[in-house]
1. Condition check: of a type in the set (S, T, N, Q), in the same structural domain as residue 284 (by TED's automatic domain parsing) and modelled with pLDDT of 95 or more. Does residue 52 satisfy that?
2. Going by what's in this entry, would residue 46 be described as of a type in the set (Val, Ile, Thr) and either farther than 28 Å from residue 153 by Cβ or not assigned by TED's automatic domain parsing to the domain that holds residue 222 (or both)?
3. Filter the stretch 80-89 for residues that are touching a helix residue (DSSP H, G or I) at 6+ places or on another chain (Cβ under 8 Å) and either surrounded by fewer than 22 Cβ atoms within 10 Å (Cβ to Cβ) or at pLDDT below 95 (or both) and give the result.
4. Only one of these conditions is not met by residue 64: (1) touching a strand residue (DSSP E or B) at 6+ places or on another chain (Cβ under 6 Å); (2) over 26 Å from residue 281 (Cα atoms). Which number is it?
5. From the residues in the stretch 96-115 that are touching a strand residue (DSSP E or B) at 6+ places or on another chain (Cβ under 8 Å) and without any contact (Cβ under 8 Å) to a residue 40 or more places away in the chain, which one is nearest to residue 160 (Cα to Cα)?
6. Just to verify a result, which residue in the stretch 289-340, among those that are in contact (Cβ under 8 Å) with a residue 40 or more places away in the chain and among the acidic types (Asp, Glu), is farthest from residue 254 (Cα to Cα)?
7. Output the number of the condition that residue 243 fails; it satisfies all remaining conditions of (1) modelled with pLDDT under 95; (2) under 24 Å from residue 294 (Cβ atoms); (3) surrounded by 18 or more Cβ atoms within 10 Å (Cβ to Cβ).
8. Given the structure, is residue 74 surrounded by fewer than 21 Cβ atoms within 10 Å (Cβ to Cβ), on the phi > 0 side of the Ramachandran plot and not in a helix (DSSP H, G or I)?
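The values are calculated or read from the model by the stated rules, or taken from the named source; none is laboratory data. Everything numeric here is computed off the predicted structure, so don't read it as measured data. Cβ placement follows ideal geometry from the backbone for every residue including glycine, while neighbour counts extend to all protein chains displayed.
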Amino acid sequence: MTALPLLHDHAKAQLDPYMALIVGYRKSGLSLNHIIGCPLDCGYCVRHFWGNFDVKIPHLLCSTDEAIEQLVNHHAFQPHITPIQLFNKATDPFLPGVKPHLFQVLRALDQRGYTNHVLVITRFTVTDDDMAQLETLRHLRVTLLFTYSGITDPRVEPIAKSEITVNSIRTAAAHKKRTGVVLYWRPIVPGWNDAPDTMAAVLDVGRDVDAIVFTGYYHKPENADYLRDLGVDVPYADEYARRKVMPGELDGRVVAAWRASGIATPLFRKTSCGVAYAHAAPDYNGHWGVRELCDICPAVQQQRCTDDYRAPTPADMDAVLAQLGYTTDYVIEDGHVWTHGLGEQRRYAIQHTLRHQIWELDQPHYLHAHGRSLLGHTPDASQVAALAGVRATFENAARYEDD
């Protein structure tokens with residue numbers, strides 16, 4: 001195995017707490033990140049947000065054996081249930097020094113008989129031998145998600161001048177049997193890669209994969225400033241948001257381009273939907289409760305999600321909260337459950353346990369803008385009024401408890 005340097009204690013102490021977190025929860029799964037550092041220099045990389053973008057050489061935060069134990073002993077990890085993400089925060093899992101650790105984790109989890117979904121996001125080199133190794137796994141449901149956007153500006157996407165990602169997608173698609181292969185069409189950004197011919201080219205690359213998932217751009221000051229300093233024209237001005245920007249008009253053009261392309265590969269708006277489809281499983285995030293997302297899903301996938309869908313009862317919520325050791329008031333509505341103050345990591349643990357949407361009162365979703373910035377969307381008046389009613393319910397509960 002290629003030896004990666006271990007980050008020394010002083011450097012660890014300087015890390016943003018989020019970057020130092022080895023196992024943490026994200027919407028698409030419990031995320032293992034004990035290696036940080038990446039030389040690919042993608043201009044929109046989320047590492048800008050946590051001050052880690054200048055770390056180009058991958059470093060270990062701990063040994064891989066220790067990291068595996070942290071993952072499987074995490075309080076929210078449930079065998080066969082909890083989706084897992086590997087090296088999706090601070091490096092690329094197929095970098096030469098990182099790849100041996102990726103396969104060590106996969107083999108260790110598979111040898112324990114776990115059937116959990118495992119998401120591996122990359123834009124780097126995946127070889128015939130890599131696919132052969134992935135195909136030896138017998139229990140895990142592994143999905144490779146290839147980040148490919150059609151961006152050609154090397155200031156934004158330095159790797160774009162090579163054919164590395166496209167070749168990797170074709171290699172994976174040619175060898176996949178058990179392994180899911182998804183084209184992760186992101187970020188889609190006006191002026192960068194939204195021209196009709198660019199969209200058509202991306203869709204053509206996705207002809208032989210299991211699914212295509214599309215999404216927008218994290219527009220935040222850190223990456224916007226970096227790109228502007230390089231002379232890149234960055235859209236959306238200073239309308240920064242915690243969620244990705246995907247205006248309704250742009251969503252419509254993406255869907256129209258997919259329909260016009262004639263490809264058979266299905267298109268999805270949500271990562272978990274594409275991953276689930278690749279393994280002939282229902283969506284583990286319960287998006288069937290947000291039905292406007294599902295209008296582009298294949299009928300067979302809609303049926304899987306319909307058959308699996310069940311609204312939780314108060315007893316279900318109480319049982320899961322007790323199981324995980326969490327406390328929150330909640331309001332069960334059609335398609336989702338409102339909570340307050342749990343934070344994202346706890347909320348997603350509940351969501352994956354119940355396979356049902358768990359929403360946060362202070363970070364509400366709106367019609368046709370689920371999981372997206374409101375930039376380019378107009379909130380529905382009736383939904384705004386309904387949200388006010390939910391807030392009143394929580395406030396009344398808080399007052400009652402205070403008494």
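1. Numbers: of a type in the set (S, T, N, Q): yes; in the same structural domain as residue 284 (by TED's automatic domain parsing): yes; modelled with pLDDT of 95 or more: no.
The answer is no for residue 52.
2. Values: of a type in the set (Val, Ile, Thr): yes; either farther than 28 Å from residue 153 by Cβ or not assigned by TED's automatic domain parsing to the domain that holds residue 222 (or both): no.
No: the conditions fail for residue 46.
3. At the first step, the residues of the stretch 80-89 found to be touching a helix residue (DSSP H, G or I) at 6+ places or on another chain (Cβ under 8 Å) are 81-84, 86-87, 89.
81, 89 - these are the residues of the stretch 80-89 that are touching a helix residue (DSSP H, G or I) at 6+ places or on another chain (Cβ under 8 Å) and either surrounded by fewer than 22 Cβ atoms within 10 Å (Cβ to Cβ) or at pLDDT below 95 (or both).
4. (1)
5. So the residue we want is 102.
6. Filtering the stretch 289-340 for residues that are in contact (Cβ under 8 Å) with a residue 40 or more places away in the chain and among the acidic types (Asp, Glu), the one farthest from residue 254 (Cα to Cα) comes out as 329.
7. All conditions are met except number (3).
8. On the way: surrounded by fewer than 21 Cβ atoms within 10 Å (Cβ to Cβ): yes; on the phi > 0 side of the Ramachandran plot: no; not in a helix (DSSP H, G or I): yes.
In short, no.
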